[in-house]
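Engineer: Please find one structure pasted underneath; my questions will follow.
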Amino acid sequence: MAGSSEEAPDYGRGVVIMDDWPGYDLNLFTYPQHYYGDLEYVLIPHGIIVDRIERLAKDIMKDIGYSDIMVLCVLKGGYKFCADLVEHLKNISRNSDRFVSMKVDFIRLKSYRNDQSMGEMQIIGGDDLSTLAGKNVLIVEDVVGTGRTMKALLSNIAKYKPNMVKVASLLVKRTPRSDGFRPDYAGFEIPNLFVVGYALDYNEYFRDLNHICVINEHGKEKYRV
């Protein structure tokens, strides 16, 4: 999947999916029948997603050094990634000689309408971020694209003086509009495609799709608002 290169791999980029990666034929997998005809192909199968998240949890626990963690989940697209990541973190904690306290809070950001970025980040929910003061914060996001949304959120959080802030993103898109922001932990680096599934949506549809897939033009038109 990741394509070959003679250079040493950059593990900070996660699993790198190249631009010419053709994906997997939809007929090789099961997926909800109500999405038949709406997808191009499977970009990342569910099993690979799950295995990669398990490894991310190990890397995070190793880096944070078994300190108590405040997990800030970015809704809605990040909820499934966050739930699976936190479960792996808890499993590591349970099987270690030191208990790690993990609390989870939620914030909702909105920056897309249909498949286009609206250019501004809207904070729609979440508790008082002042509770992050002095804490080790792990922000869990579904996709980092241009990086502007995450930078705006980090700037907002910095006002409350947390002890440490790390960002874990399931996906990082290669886009010419990127401002260079990279999360501390990346699951997969993908081409600049609009993807759905594994809780990533298109106008609230496709969250019930386990695989990460590329939506086709028929699907975009069918569920456009």
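Engineer: Kindly check whether there is at least one residue in region 162-173 that is assigned to a loop (DSSP other than H, G, I, E, B), open to solvent by 10 Å² or more (accessible area, probe 1.4 Å) and at negative phi.
Structural biologist: Yes, some residue in region 162-173 is assigned to a loop (DSSP other than H, G, I, E, B), open to solvent by 10 Å² or more (accessible area, probe 1.4 Å) and at negative phi.
Engineer: What number goes with the only condition from (1) part of a helix (DSSP H, G or I); (2) surrounded by 12 or more Cβ atoms within 10 Å (Cβ to Cβ); (3) at pLDDT 95 or above that His34 does not pass?
Structural biologist: Condition not satisfied by His34: (2).
Engineer: Can Ser117 be described as open to solvent by less than 30 Å² (accessible area, probe 1.4 Å), modelled with pLDDT under 80 and touching a strand residue (DSSP E or B) at 6+ places or on another chain (Cβ under 6 Å)?
Structural biologist: no
Engineer: Here is a further query. Which is surrounded by 12 or more Cβ atoms within 10 Å (Cβ to Cβ) and either touching a helix residue (DSSP H, G or I) at 6+ places or on another chain (Cβ under 8 Å) or assigned to a loop (DSSP other than H, G, I, E, B) (or both), of Ser67, Ser96?
Structural biologist: Within the list Ser67, Ser96, the selection yields Ser67.
Engineer: Here is a further query. Kindly list the number of the only condition in (1) assigned to a strand (DSSP E or B); (2) modelled with pLDDT of 85 or more; (3) more than 21 Å from Ala57 (Cα to Cα) that fails for Cys73.
Structural biologist: (3)
Engineer: Further, regarding this structure: Here is a list: Ala168, Ala152, Ala158. Which entry is under 28 Å from Arg52 (Cα atoms) and at pLDDT 90 or above?
Structural biologist: On inspection, the qualifying residue turns out to be Ala168.
Engineer: Quick one: in region 76-88, of everything that is in contact with a strand residue (DSSP E or B) (Cβ under 9 Å, 6 or more places away or on another chain) and surrounded by fewer than 21 Cβ atoms within 10 Å (Cβ to Cβ), which residue is modelled with the lowest pLDDT?
Structural biologist: Checked region 76-88; the qualifying residue modelled with the lowest pLDDT is Lys76.
Engineer: Also: For Asp184, indicate whether it is open to solvent by 10 Å² or more (accessible area, probe 1.4 Å), in contact with a Lys or Arg (Cβ under 6 Å, 6 or more places away or on another chain) and among the acidic types (Asp, Glu).
Structural biologist: Judged against the criteria, Asp184 is a match.
Engineer: Shifting gears a bit: Among the residues that make up region 146-158, is at least one of them open to solvent by less than 10 Å² (accessible area, probe 1.4 Å) and within 14 Å of the chain's Cα centre (by Cα)?
Structural biologist: Yes, region 146-158 contains a residue that is open to solvent by less than 10 Å² (accessible area, probe 1.4 Å) and within 14 Å of the chain's Cα centre (by Cα).
The values are calculated or read from the model by the stated rules, or taken from the named source; none is laboratory data. If you're wondering where the values come from, they're calculated on a predicted model, not measured in any experiment. In this analysis, Cβ positions are derived from the backbone assuming ideal geometry, glycine residues included, and neighbour counts consider all displayed protein chains. Side chains are part of the model used for accessible areas, which takes the heavy atoms of the whole protein and leaves out ligands, DNA and RNA. Shrake-Rupley method; radii C 1.70, N 1.55, O 1.52, S 1.80 Å.
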